[in-house]
1. Extension gain Asn114-Ser133, at 0.36 nm per residue separation less the Cα-Cα distance, in nm?
2. By the scheme Lys and Arg +1, Asp and Glu -1, what is the net charge of all other residues having a beta-carbon under 12 Å from that of Gly190?
3. Which one, Gly93, Ala124, Phe135, projects farthest toward the positive side of the charge dipole computed for segment 30-147 from Cβ point charges (K/R +1, D/E -1)?
4. Can you tell me how much longer the chain between Arg159 and Ala72 gets when fully stretched, taken as 0.36 nm per residue apart minus their C-alpha distance, in nm with one decimal?
5. Would you indicate which of (1) 15.3; (2) 14.0; (3) 11.3 is the value of mean projected area of the Cα convex hull in nm² derived from the coordinates of this structure?
6. For the chain, modelled as a GNM with alpha-carbon contacts under 10 angstrom, which of Asp187, Asp175, Asp71 fluctuates the most?
7. What is the Cα centroid distance between segment 156-202 and segment 34-102, reported in whole angstrom?
8. So what J values fall out for segment 13-27 if you push phi through Karplus, 6.51 cos²θ - 1.76 cosθ + 1.60 with θ = phi - 60°, rounded to Hz, Gly and Pro as x?
Amino acid sequence: MPRQPLYDRQHALDQAVQLFWEQGFHATSIKDVERALDMRPGSIYGAFGNKVRLFQAALDRYAEQGLAELDAQLQAHASPLAGLAAYLRSLGGLRDRQMPCRACMLVKSLLELNERDDATRRQADQLLAAMESRFVACFEAARTAGELSAAHDPRRLGRRLQAQVMGMRAYAQRDVDAAALHQLAEDMAGSVETLRDPSADS
């Protein structure tokens with residue numbers, strides 16, 4: 001019988017996400033990782049290879065969770081535009097709960113990593129591109145359903161929405177009033193809702 005690992009991989013990755021999200025890659029030591037994951041160095045290397053590979057796995061985990069949050073909002077609403085608006089409104093609560101950091105971990109990593117970390121930097125960029133593609137797909141679905149007029153370019157809208165979300169997450173990292181963030185989220189959600197073609201209701 002194969003030996004069962006003495007750790008929960010998903011739990012360990014969630015702990016790694018929290019650690020790297022708060023401190024960044026370079027400021028996090030192996031000792032930090034040992035404490036956060038409650039694992040010995042040999043177990044960490046046996047499970048993940050090294051610090052770089054653990055960080056890369058944490059980036060994947062973070063992106064997976066972000067897409068799951070978006071999908072949950074989309075599935076809970078009858079139309080793609082309504083789902084996107086609800087997703088934006090949910091981001092208005094970034095200052096209402098405890099988080100390692102309110103800025104996006106992928107964006108933080110993209111800004112922190114340099115030429116020496118090229119593979120990991122490209123990974124963060126690709127994961128952001130995947131989120132942008134999901135936004136584009138939502139707008140394409142809205143156009144197919146007749147909710148979005150043919151005058152709108154889904155790719156351009158998806159690109160704009162990701163830029164807005166990235167900016168909002170960075171804005172939330174400032175010492176700003178929680179109510180102001182909710183208002184900003186409401187404004188952004190409203191801009192998505194105004195894209196709805198009035199003829200879709202006729």
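The values are calculated or read from the model by the stated rules, or taken from the named source; none is laboratory data. Nothing here was measured: the structure is a model prediction, and the numbers come from that model. A quick note on method: Cβ atoms are made from the backbone with ideal geometry, for glycine too, and the neighbour counts reach across all protein chains shown. Just the protein is used for accessible areas: all its heavy atoms, side chains included, with ligands, DNA and RNA removed. Shrake-Rupley method; radii C 1.70, N 1.55, O 1.52, S 1.80 Å.
1. Stretched out fully, the Asn114 to Ser133 stretch lengthens by 4.4 nm.
2. -1
3. Projecting each Cα onto the dipole axis, the largest value belongs to Gly93.
4. Going from the current span to full extension adds 29.2 nm.
5. So the calculated entry is the one marked (2).
6. Asp175
7. 20 Å
8. 5, 4, 5, 5, 4, 4, 5, 5, 4, 6, 9, x, 6, 5, 7
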